[in-house]
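The structure appears right after this line, and notes come after that.
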Amino acid sequence: MGAGKGYGKTILFGEHFVVYGLPSIASALGTYTIANVQVVNGSGWTVNDQRPATPGYKERKRDEAMQSITNIMDHLNVDVKNQRIDITFTGDLVAASGVGASAAQCTSLARALSDTFNLNLNDEKINEAAYEGEKAYHGTPSGIDNTAATYGGLIWFRRLGVEKTAINRLQSPTKMLIVLVNSGITSSTTEVVADVRQLREEHPKEMDKIFGEYEKLAEAARKALLQGDIATIGDLMNQNHRLLQQITVSSKINDALVETALENGAIGAKLTGTGRGGLVICLAANEVVREEIVGAVEEKGYRAWKTTIG
Ligand code: MEV
């Protein structure tokens, strides 16, 4: 028997752009998924998914989740012919689009298998196994989600090649007060990533221009984070949201939630993660404003979570 956990994450800058080797900034959340693994007589594996979730999320992601478990088992050479592996997922991370729920699940499973079979996998190996699981959610994951789920903290991440990444820990002198708003809509990362790829093939010049603008923005964001310059971070989040609109990954609901947050005092707001639903991340200057943002979105019927980054 063994157990392991994987953190949820939020992307502050660079979803989608990160798939193409541009830098991204993400933070782990304080909430996580726990995997428990039990070895019993028989063969194959079973899953009991008890994670709290946005309605419809688990159903929509079921096939991908099953494939991701197979990928991780294969990657770690777990014998499922002469023994049965019973997996239970729990934890306080609400499985929803945008919080890195799939990566948290993959990481927790890799850790639980390492624990069960005394594989002594270090974080790098856990991250590699989780990345194999993430491939089931779309063919070309950047790896940022599993990296945040594995290492925790605030990170600057860049995919350098097929299996190569650069990861730097960032430390901001200022704690950022965040509201994550759940649109309740589960989007398909596979579909949205594929659409961006198609857009890039059809409009290379326009997309290159947007990618160039994003790259400058990411560098400015890193600087602002290291200086704890909240006003600039907020402004750059707004600019990042506009670029995400241009690459068609935002939606009416994302834009409306961003608007509500800004009208209620947020310094910056953008979609976070896959987009076309999922989550919106909002930055507040102080606790009073943060409560106002939460109140405003809850009044409209959306769930909001508070967290701190930095
Ligand atoms: C999903 O959380 C983030 C995306 O950029 C996909 C990826 O990085 O693999 C949309």
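The values are calculated or read from the model by the stated rules, or taken from the named source; none is laboratory data. Remember, it's a predicted structure, so these values are computed and weren't measured experimentally. FYI the Cβ positions are ideal-geometry reconstructions off the backbone, even for glycines, and counts take in every protein chain you see. The area values use the complete protein model at the heavy-atom level, side chains included, leaving out ligands, DNA and RNA. Shrake-Rupley method; radii C 1.70, N 1.55, O 1.52, S 1.80 Å.
For the stretch 2-170, how big is the tail of P(r) above 19 Å, as a whole percent of Cα pairs? Value for the stretch 2-170 (Cα pairs over 19 Å): 51 percent.
Working note: Cα gyration tensor of the stretch 176-309, eigenvalues times five, square-rooted, sorted largest first, giving semi-axes of 25, 19, 10 Å.
Using a probe radius of 1.4 angstrom, the carbon and sulfur fraction of the accessible surface of the stretch 1-121 is 44%. From its DSSP helices (H runs of at least four residues, each -39,500 (n - 2.57)), the chain gives a residue-normalised ellipticity at 222 nm of -14500 deg cm²/dmol. Between the residues Leu93, Val19, Asn36, the greatest Cα displacement towards the positive end of the dipole of the chain, with unit charges on the Cβ of Lys, Arg, Asp and Glu, is found for Asn36.
Length gained on full extension, Val47 to Ile167: 40.0 nm, using 0.36 nm per residue less the C-alpha separation. Solvent-accessible surface (1.4 Å probe) assigned to Leu119 amounts to roughly 60 Å². Quick one: net charge around Arg62, please, counting Lys, Arg +1 and Asp, Glu -1 for every other residue with C-beta under 14 Å from its C-beta. Residues close to Arg62 contribute a combined charge of 0.
The amide H of Gly21, built 1.01 Å from its N in the peptide plane, has Arg159 as neighbours under 5 Å, considering only residues 5 or more places off or on other chains.
Stokes-Einstein diffusion of the chain at 20 °C, 1.002 mPa s viscosity, Kirkwood radius from Cα pairs, rounded to a whole number: 110 µm²/s. Using the alpha-carbon centroid of each, what span in Å lies between the stretch 215-244 and the stretch 251-285? When both Cα centres are located, 15 Å separates them. Here Phe89 sits with roughly 0 square angstrom of accessible surface, probe radius 1.4 Å. The mean accessible area for residues of the chain, using a 1.4 Å probe and ignoring ligands and nucleic acids, is 41 Å² per residue. Structural descriptor for the stretch 88-138: relative contact order 38 percent, calculated from alpha carbon pairs under 8 angstrom and at least 6 residues apart. Computed on the stretch 176-309, with alpha-carbon pairs under 8 angstrom and 6+ residues apart, the relative contact order is 42 percent. For the stretch 1-80 and the stretch 173-198, compute the distance between their C-alpha centroids and round to whole Å. Distance between centres, Cα-based: 17 Å.
Structural descriptor for the chain: relative contact order 23 percent, calculated from alpha carbon pairs under 8 angstrom and at least 6 residues apart. Full extension of the chain segment joining Lys306 with His203 gains 33.3 nm, where the gain is 0.36 nm per residue of separation less the Cα-Cα distance.
Ordering Leu257, Ala149, Gln239 by Cα displacement along the dipole of the chain toward the positive end leaves Ala149 in first place; charges were set at the Cβ atoms of Lys, Arg (+1) and Asp, Glu (-1). Within the stretch 176-309, what whole-number % of the accessible surface is contributed by carbon and sulfur, with the 1.4 Å probe and all protein chains included in the calculation? Reported share for carbon and sulfur atoms: 50 percent.
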